[in-house]
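A short worksheet on the structure shown next.
The values are calculated or read from the model by the stated rules, or taken from the named source; none is laboratory data. Being a predicted model, the structure only gives us computed values, none of them experimental. Note: ideal-geometry Cβ built from the backbone for every residue, glycine included; neighbour counts use all protein chains shown. The area values use the complete protein model at the heavy-atom level, side chains included, leaving out ligands, DNA and RNA. Shrake-Rupley method; radii C 1.70, N 1.55, O 1.52, S 1.80 Å.
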There are 2 protein chains.
Amino acid sequence: MAATIRDVARLAGVGLGTVSRVLNDSPLVSPATRTRVLDAIAELRYSPSQIARSFSSGKTLTVSVIAPFFTRPSVVERLRGIESALHANGYSLVVFNVETSARRDACLHDVSRHDRSDGALIISLTPRAGEVQLLRDAGVPVGLIDTSAEGMYGVCIDDIYGGELAVRHLLDRGHRRIGFLGDSEAEVQDFNFTSSRHRQLGYLKALDAADATLRPEYQRYGVHGRSEARLLARELLQLPEPPTAIFAASDTQAMGVLEASRDLQLRVPEDLSVIGFDDIDVAEYLGLTTVRQPLFMSGQRGVEILLGLIGGEPPDPPSQVLPIELVARGTTAPM
Amino acid sequence: MAATIRDVARLAGVGLGTVSRVLNDSPLVSPATRTRVLDAIAELRYSPSQIARSFSSGKTLTVSVIAPFFTRPSVVERLRGIESALHANGYSLVVFNVETSARRDACLHDVSRHDRSDGALIISLTPRAGEVQLLRDAGVPVGLIDTSAEGMYGVCIDDIYGGELAVRHLLDRGHRRIGFLGDSEAEVQDFNFTSSRHRQLGYLKALDAADATLRPEYQRYGVHGRSEARLLARELLQLPEPPTAIFAASDTQAMGVLEASRDLQLRVPEDLSVIGFDDIDVAEYLGLTTVRQPLFMSGQRGVEILLGLIGGEPPDPPSQVLPIELVARGTTAPM
DNA sequence: TGCTACTATGGAACCAGTTCCAAGATTACG
DNA sequence: CGTAATCTTGGAACTGGTTCCATAGTAGCA
């Protein structure tokens with residue numbers, strides 16, 4: 001049986017409280033006593049029970065992270081930022097991977113039960129009005145990453161502006177027939193993802209500002225993934241009057257577009273310009289032009305915000321907007 | 001203030017034990033009483049404190065996962081398998097990302113403090129003899145994934161055989177000048193990674209069996225990563241008598257080799273055959289020939305083993321070896 | 001009817017820490 | 001030297017569950 005704080009107290013010949021004080025680095029212990037206690041701790045190879053500690057103090061030093069499809073490169077990179085910042089602050093992270101809408105709802109609901117963790121970070125999933133209310137009522141500290149919601153705190157980017165940035169890059173190079181490829185309606189609804197839609201809004205806005213004709217058939221939606229995007233892109237490229245450039249709502253989907261152009265023997269960027277979003281690791285390898293967002297940093301900032309909330313300080317401003325930038329590589333060219 | 005089990009007992013007009021029994025689905029409660037308790041629970045919107053529960057029962061329903069470089073695609077895929085299996089069994093996972101040897105040692109040591117979790121899964125990091133002893137003494141259930149150690153339990157693959165498989169594939173296609181590209185000595189030492197070395201042993205074994213001359217200059221080592229591999233591959237390919245095929249110890253490193261051949265205007269597979277290891281997601285996209293190992297399944301199996309251990313049943317056999325297979329794609333061809 | 005066996009229930013004790021109050025020891029200072 | 005202020009210290013009470021023992025109630029059976 002492992003030693004308890006009482007065993008230590010007995011061996012050191014001091015009281016319970018004194019041992020607790022030593023453990024918590026309280027200044028209210030004389031050096032001599034402290035030494036005696038530390039010796040006893042070493043002798044008994046005592047290590048305090050974290051569970052008992054959490055139980056009595058009410059702090060778990062743990063944060064829950066709800067991440068949709070955590071194998072997606074962009075999500076992984078955010079998680080790395082989160083882990084790094086949490087670890088630096090002595091916190092652990094519990095990961096919940098959301099791959100179905102049922103799990104999404106369950107996770108958001110469970111978070112409000114405020115138990116095993118001191119707070120939660122939610123990646124990319126936008127809480128609906130009712131859920132926001134639930135979370136607020138429960139009083140759980142929550143930080144949003146890659147999304148925002150009325151009355152909640154977090155970090156995000158301006159996806160609309162990002163979409164504009166991408167499409168303006170294409171317009172500037174003389175493209176007028178520009179396709180868009182984004183997430184399926186079902187996915188957007190089920191998970192309440194917002195970024196694909198916002199990026200599309202930016203696309204529409206940029207086209208509008210340039211007086212380019214909008215063609216509904218140039219906008220395609222499919223389940224997020226390379227192979228789905230490949231099929232959609234093939235459809236786009238086989239239209240009677242195919243687009244000369246395609247803006248994919250994510251780098252992963254842009255990879256599907258590249259595959260499709262390979263399938264159809266189209267050269268990129270000579271016959272087709274392709275631009276993605278996120279600047280995930282492989283984008284550089286592929287020479288993919290894309291809109292870069294600070295993924296790692298989003299995780300770090302999310303943690304800062306959340307730890308602030310846990311400490312009782314609401315961040316100001318409530319929602320930080322991180323900078324994004326266009327990274328021009330080899331998959332886009334003038335017409 | 002949240003309601004406690006005592007509030008529920010009072011409202012339902014029953015004893016503490018009875019409420020606890022209802023919560024734990026004990027059959028020793030009459031239907032009428034159960035209903036009364038459930039009503040009280042609903043009325044108070046009571047939800048049991050997980051921490052208190054863990055504290056008093058000694059079970060945390062949580063598992064720690066120690067993962068080196070958890071952004072590497074292969075690791076992420078294993079994590080997904082782990083999360084999926086843990087969630088199916090009502091467990092949560094706490095992730096520790098190891099990116100330095102100091103953290104590796106700290107994590108392995110912390111696990112033995114058996115506290116916040118019921119057990120641990122260790123990915124790819126082989127415990128050293130002293131660490132094995134420490135873990136055994138601490139009595140913490142531990143499952144190893146992608147590695148094995150004397151007296152410990154887990155799942156792995158036969159990396160030596162995998163290396164042979166890869167090299168035989170090249171030999172069969174007439175290649176005799178075959179390079180190998182693996183992890184740096186420093187990395188292997190610091191983290192005690194074994195797979196790169198084992199794959200190299202398979203490489204040596206296959207070459208030996210084929211009476212192909214071994215050339216020390218054909219074997220290069222560098223920090224795991226695409227750009228490092230790219231540099232090493234460039235060195236290999238600029239030798240007076242360059243290899244006609246390269247076996248990279250991982251798909252990520254194989255991508256570096258592909259970059260290097262692009263740099264040097266070498267066509268793959270016409271001028272150079274390239275084979276990787278793991279069959280990560282992008283391998284298919286790149287048409288990379290590789291040795292596939294069941295990553296997702298390794299996570300699942302690891303969880304099965306660990307939960308068995310937690311339940312008191314040592315797995316038989318102690319170490320499972322998962323099947324691997326060669327996936328021939330477009331980056332390898334006959335000379 | 002009386003005795004046994006089993007079901008249902010209440011609640012004290014326990015898990016291992018933290019917190020805080022009371023009290024003893026020591027120091028400062030007039 | 002006495003008194004107040006400050007520093008140390010001990011330990012009871014508390015956190016919110018689970019467990020288990022004692023007991024009341026009930027059914028079964030001769």
How do the pairs read when you match residues in region A:22-33 that are closer than 17 Å to A:Ile5 by Cβ with residues anywhere that are within 8 Å of DNA strand D (Cβ to nearest atom), using Cβ under 7 Å and keeping only pairs 6 or more apart or on different chains?
A:Val22/A:Val29; A:Val22/A:Arg34; A:Leu28/A:Arg21; A:Val29/A:Thr18; A:Val29/A:Arg21; A:Thr33/A:Val14; A:Thr33/A:Thr18
Does at least one position in region B:25-46 carry a residue that is of a type in the set (Gly, Ala, Ser) and touching a Lys or Arg at 6+ places or on another chain (Cβ under 8 Å)?
no
Go through B:Arg116, B:Arg168 for me and flag whichever is open to solvent by 60 Å² or more (accessible area, probe 1.4 Å) and at pLDDT below 95.
B:Arg116
Pairs needed: first member in region A:45-56, touching a residue at least 24 places away in the same chain (Cβ under 8 Å); second member anywhere, open to solvent by 80 Å² or more (accessible area, probe 1.4 Å) and in a loop (DSSP other than H, G, I, E, B); C-beta distance under 7 Å; at least 6 residues apart or different chains.
A:Ser47/B:Arg113
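Quick one: which of A:Glu131, A:Glu99 is free of Cβ contacts under 8 Å to residues at least 40 places away in the same chain, more than 24 Å from B:Arg116 (Cβ to Cβ) and open to solvent by less than 60 Å² (accessible area, probe 1.4 Å)?
The match here is A:Glu131.
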Would you confirm whether or not region A:176-192 contains a residue that is surrounded by 24 or more Cβ atoms within 10 Å (Cβ to Cβ) and either out of contact with any strand residue (DSSP E or B) (no Cβ under 9 Å at 6 or more places or on another chain) or closer than 30 Å to A:His109 by Cβ (or both)?
yes
Those residues of region B:309-335 which are open to solvent by 40 Å² or more (accessible area, probe 1.4 Å) and β-branched (Val, Ile, Thr), in sequence order:
B:Val321
In region A:298-308, is there at least one residue being in the same structural domain as A:Ala229 (by TED's automatic domain parsing) and surrounded by fewer than 19 Cβ atoms within 10 Å (Cβ to Cβ)?
no
Quick one: B:Glu150 ticks every box in (1) of a type outside the set (Val, Ile, Thr); (2) part of a strand (DSSP E or B); (3) in the same structural domain as B:Arg136 (by TED's automatic domain parsing) except a single one, so which number is it?
(2)
Examine region B:96-104 for a residue that is closer than 22 Å to B:Arg10 by Cα and away from DNA strand C (no atom under 16 Å from the Cβ), and state whether such a residue exists.
no
Answer yes if at least one residue in region B:272-292 is in a helix (DSSP H, G or I), of a type in the set (Lys, Arg) and modelled with pLDDT of 95 or more, and no otherwise.
no
Please give the number of the condition B:Glu217 fails out of (1) in contact (Cβ under 8 Å) with a residue 40 or more places away in the chain; (2) farther than 23 Å from B:Arg72 by Cα.
(1)
For A:Ile123, indicate whether it is of a type in the set (Val, Ile, Thr) and touching a Pro at 6+ places or on another chain (Cβ under 7 Å).
yes
Which one is nearest to the other protein chains (Cβ to nearest Cβ), of the residues in region A:1-25 that are outside any helix (DSSP H, G or I) and more than 10 Å from DNA strand D (Cβ to nearest atom)?
A:Ala2
Does at least one position in region A:89-107 carry a residue that is part of a loop (DSSP other than H, G, I, E, B), within 26 Å of B:Val95 (Cβ to Cβ), more than 14 Å from chain B (Cβ to nearest Cβ) and in contact with a helix residue (DSSP H, G or I) (Cβ under 8 Å, 6 or more places away or on another chain)?
yes
Just one of (1) more than 11 Å from DNA strand D (Cβ to nearest atom); (2) in a helix (DSSP H, G or I); (3) aliphatic (A, V, I, L, M) trips up A:Ala32, so point out which.
(1)
Starting from region A:162-183, take each residue that is farther than 11 Å from A:Ala210 by Cα and of a type in the set (Val, Ile, Thr) and list its partners that are in a helix (DSSP H, G or I) and open to solvent by 10 Å² or more (accessible area, probe 1.4 Å), counting only C-beta distances under 8 angstrom and pairs at least six apart or across chains.
A:Ile178/A:Leu171
Identify, from the list B:Ile145, B:Ile122, B:Ile160, the residue that is modelled with pLDDT of 95 or more, surrounded by fewer than 23 Cβ atoms within 10 Å (Cβ to Cβ) and of a type in the set (A, V, I, L, M, F, W, C).
B:Ile160
Pick from A:Leu28, A:Leu79: which is facing chain B (nearest Cβ under 10 Å) and either among the hydrophobic types (A, V, I, L, M, F, W, C) or over 24 Å from A:Pro141 (Cα atoms) (or both)?
A:Leu79
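Yes or no, residue by residue, for (1) open to solvent by 10 Å² or more (accessible area, probe 1.4 Å); (2) within 13 Å of chain A (Cβ to nearest Cβ):
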position	(1), (2)
B:His224	yes, no
B:Leu239	yes, no
B:Ala245	no, no
B:Gln253	no, yes
B:Arg262	yes, yes
Hits in region A:4-18 (condition: buried (at least 17 other Cβ atoms within 10 Å of the Cβ) and near DNA strand C (Cβ under 7 Å from one of its atoms))
A:Ile5
Only one of (1) over 27 Å from A:Ala120 (Cβ atoms); (2) buried (at least 18 other Cβ atoms within 10 Å of the Cβ); (3) free of Cβ contacts under 8 Å to residues at least 24 places away in the same chain is not met by A:Asp211, so which one is it?
(2)
Restricting attention to region B:37-61, report how many residues are away from chain A (no Cβ under 14 Å) and either surrounded by 18 or more Cβ atoms within 10 Å (Cβ to Cβ) or in contact with a Phe, Trp or Tyr (Cβ under 8 Å, 6 or more places away or on another chain) (or both).
2
Tally up the residues in region A:279-314 that are more than 13 Å from A:Leu144 (Cα to Cα), within 14 Å of chain B (Cβ to nearest Cβ), in contact with a strand residue (DSSP E or B) (Cβ under 9 Å, 6 or more places away or on another chain) and touching a residue at least 60 places away in the same chain (Cβ under 8 Å), please.
2
Mind listing just one residue for me: the one in region A:53-72 that is touching a helix residue (DSSP H, G or I) at 6+ places or on another chain (Cβ under 6 Å) and in a helix (DSSP H, G or I) and, of those, nearest to DNA strand D (Cβ to nearest atom)?
A:Phe55
